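The values are calculated or read from the model by the stated rules, or taken from the named source; none is laboratory data. Keep in mind the model is a prediction, meaning the values are calculated, not measured. No Cβ is skipped: glycine too gets one built from the backbone with ideal geometry, and neighbour counts run over all protein chains shown.
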Ligand SMILES: Nc1ncnc2c1ncn2[C@@H]1O[C@H](COP(=O)(O)OP(=O)(O)OP(=O)(O)O)[C@@H](O)[C@H]1O
Ligand SMILES: [Mg+2]
């Protein structure tokens, strides 16, 4: 496979949920998307537009009603059986009867790594997410952010070629979330995996991604794809550049006026970016909810 | 089962202090429970002796009258309700006139014997329960077909079933173990059908994303997630196994266990009521000890799961 071959290829994905033979919701309609090796792609869109559904279809946790998913050149089911996926959900979903170390070793046990390799690998991953001092702890002894980092270490442990993350930081406060964003970028740069990342947060999507896929609901569609041409490596200073604000604005406008511009690398308009004069762009409604959690 | 890992707050508490708090809370809980137990026992004794004080027969020590209750209710006589001290003293009398062995030693031996039968029934019964539940959660068809019979089996009164089993398998310890097994497998089966389904559905998705084989899903997710249910059912099973063994011993022709002792002492109740009471207390203690052992293993096994586990 050449470097430019897509890691993930979605071809006319349609998903209709039905009950008792009666169609209820068209969660996704005719989704086409290609994701290249090493890309960091975010899916963003209002609640209920099918982001999670799309991610679960890519990960072969559910089968689409129509369309084709090709991952690393093979059907999604084959890719799952080949252990091409690492999943991180909104909740850490750690096993409370296992230690932190044991949780990270879980996939390695299932993949039949030998004991020494398991231990070493899990340790390495936990060092990567800066939890090296907590290997013997149990999940309940960790904060929410720490638990989510364990989940990331667990997903990375067997070196999957694709990392699927569904709002992994949705339950974290803004400060922790920004720190976790930096951490994810560092890990992504170190490991070179391809990431598909679902989020509700415009700043998060812009800060992390190489491309932001904007979706609209009922039925779930891709309305816009925005290239994020911010320089890498990105850091806290990135969040204060002019270009960052422009892109945040572009994503917001794409969200609010679906289909107003085509998908292109350029932002739809730069004129409105002047309004975001503060150090931080105006937040979306979602942030109020996150504040309550933190 | 609530999953403490998921419910944990996002706040940053140092793990060390959390652990300390949990341990301290555990100690307070234990001592509070001990005090509560003492209080309840004390209350029961107060009513017992209080009733005798008001409504019983005259209290005598070495033949001398020391108290004459103001009222009489036949129920409170010394045959129905012997004095507490008479019961406690009974433990330190010879178990039978002219014998060397004290009653408590005799009862301890009988209790150990009964425990062996109950323990075997407990092991077999919980193994059967675990296997049945495992089969049922993997096959809706078998579950629908057989769970009704599992339930129906428990509507047969044990006093009807015991003679049937004994006539089929003979008067032997094996029959007694079988009766205990019969009482044990049911709570374990029912609880484990639930327990093996109590995992977090998202954890199942996680396992599926690893293309985890069914076997690994069972051993690494379903079974560990079911342990709280398992231990709860084992605690019920522990006491049930002792009841089963005691009930089975008399028709089973077993001479050395508590069941036989209870039958004998109740036949001679009029001449030594405190002996039956002692045997009843011994049975209760046996049940408590067995239960306590399971609870201990449970606490050690589930310790890592956090305060809620
Ligand atoms: N298992 C299901 N059965 C029926 N309908 C479903 C199911 N899962 C999702 N849906 C529907 O599909 C649509 C998309 O759901 P999905 O969870 O993908 O949204 P989302 O974009 O992830 O939303 P959120 O941002 O709130 O997580 C919703 O209308 C939802 O009701
Ligand atoms: Mg979702």
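Numbers for the structure displayed
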read-out	value
Any chance residue A:123 is more than 16 Å from ligand 1 (Cβ to nearest atom) and within 14 Å of chain B (Cβ to nearest Cβ)	no
Selection count, the range A:135-157, where residues are at the interface with chain B (Cβ under 8 Å from one of its Cβ atoms) and crowded, with 20+ Cβ neighbours inside 10 Å	9
Residue within the range A:154-168 that is in a helix (DSSP H, G or I), touching a strand residue (DSSP E or B) at 6+ places or on another chain (Cβ under 7 Å) and away from ligand 1 (no atom under 16 Å from the Cβ) present	yes
Residue A:56 being within 13 Å of ligand 1 (Cβ to nearest atom), out of contact with any strand residue (DSSP E or B) (no Cβ under 6 Å at 6 or more places or on another chain) and under 30 Å from residue B:222 (Cα atoms)	yes
Some residue of the range B:160-182 being within 14 Å of another protein chain (Cβ to nearest Cβ), out of contact with any strand residue (DSSP E or B) (no Cβ under 6 Å at 6 or more places or on another chain) and part of a helix (DSSP H, G or I)	no
Only listed residue being part of a helix (DSSP H, G or I), closer than 15 Å to residue B:116 by Cα and away from chain A (no Cβ under 14 Å), chosen from B:245, B:250, B:270	B:245
Residue A:167 vs. criteria within 16 Å of ligand 2 (Cβ to nearest atom) and within 14 Å of chain B (Cβ to nearest Cβ)	yes
Candidates A:42, A:52, filtered to the one that is crowded, with 23+ Cβ neighbours inside 10 Å and closer than 27 Å to residue A:223 by Cα	A:42
Checklist (1) surrounded by fewer than 24 Cβ atoms within 10 Å (Cβ to Cβ); (2) closer than 30 Å to residue A:6 by Cβ; (3) more than 10 Å from chain B (Cβ to nearest Cβ) applied to residue A:110, failing item	(3)
Odd one out for residue A:207, checked against (1) touching a strand residue (DSSP E or B) at 6+ places or on another chain (Cβ under 9 Å); (2) over 21 Å from residue A:71 (Cβ atoms)	(1)
Criterion (within 14 Å of chain B (Cβ to nearest Cβ), surrounded by fewer than 23 Cβ atoms within 10 Å (Cβ to Cβ) and more than 16 Å from ligand 2 (Cβ to nearest atom)) met by exactly one of A:19, A:80	A:80
Test result for residue B:284, within 23 Å of residue B:108 (Cβ to Cβ) and either modelled with pLDDT of 95 or more or buried (at least 21 other Cβ atoms within 10 Å of the Cβ) (or both)	no
Candidates B:124, B:113, filtered to the one that is surrounded by fewer than 20 Cβ atoms within 10 Å (Cβ to Cβ) and either within 19 Å of residue B:176 (Cβ to Cβ) or at pLDDT 90 or above (or both)	B:124
Residue within the range A:92-103 that is within 23 Å of residue A:218 (Cα to Cα) and either within 11 Å of ligand 1 (Cβ to nearest atom) or away from chain B (no Cβ under 11 Å) (or both) present	no
Residue list for the range A:59-77, filter: within 14 Å of ligand 1 (Cβ to nearest atom), more than 8 Å from chain B (Cβ to nearest Cβ) and surrounded by 19 or more Cβ atoms within 10 Å (Cβ to Cβ)	A:64
Selection from the range A:17-45 of residues that are within 8 Å of ligand 1 (Cβ to nearest atom) and out of contact with any strand residue (DSSP E or B) (no Cβ under 7 Å at 6 or more places or on another chain)	A:19
Residue list for the range A:172-208, restricted to those being within 16 Å of ligand 1 (Cβ to nearest atom), more than 14 Å from every other protein chain (Cβ to nearest Cβ) and either part of a strand (DSSP E or B) or at pLDDT below 85 (or both)	A:197, A:198, A:199
Given (1) surrounded by fewer than 21 Cβ atoms within 10 Å (Cβ to Cβ); (2) away from every other protein chain (no Cβ under 14 Å); (3) within 18 Å of the chain's Cα centre (by Cα); (4) away from ligand 2 (no atom under 16 Å from the Cβ), index of the condition residue A:235 fails	(3)
Total residues in the range B:175-201, condition in contact with a helix residue (DSSP H, G or I) (Cβ under 9 Å, 6 or more places away or on another chain) and surrounded by fewer than 21 Cβ atoms within 10 Å (Cβ to Cβ)	5
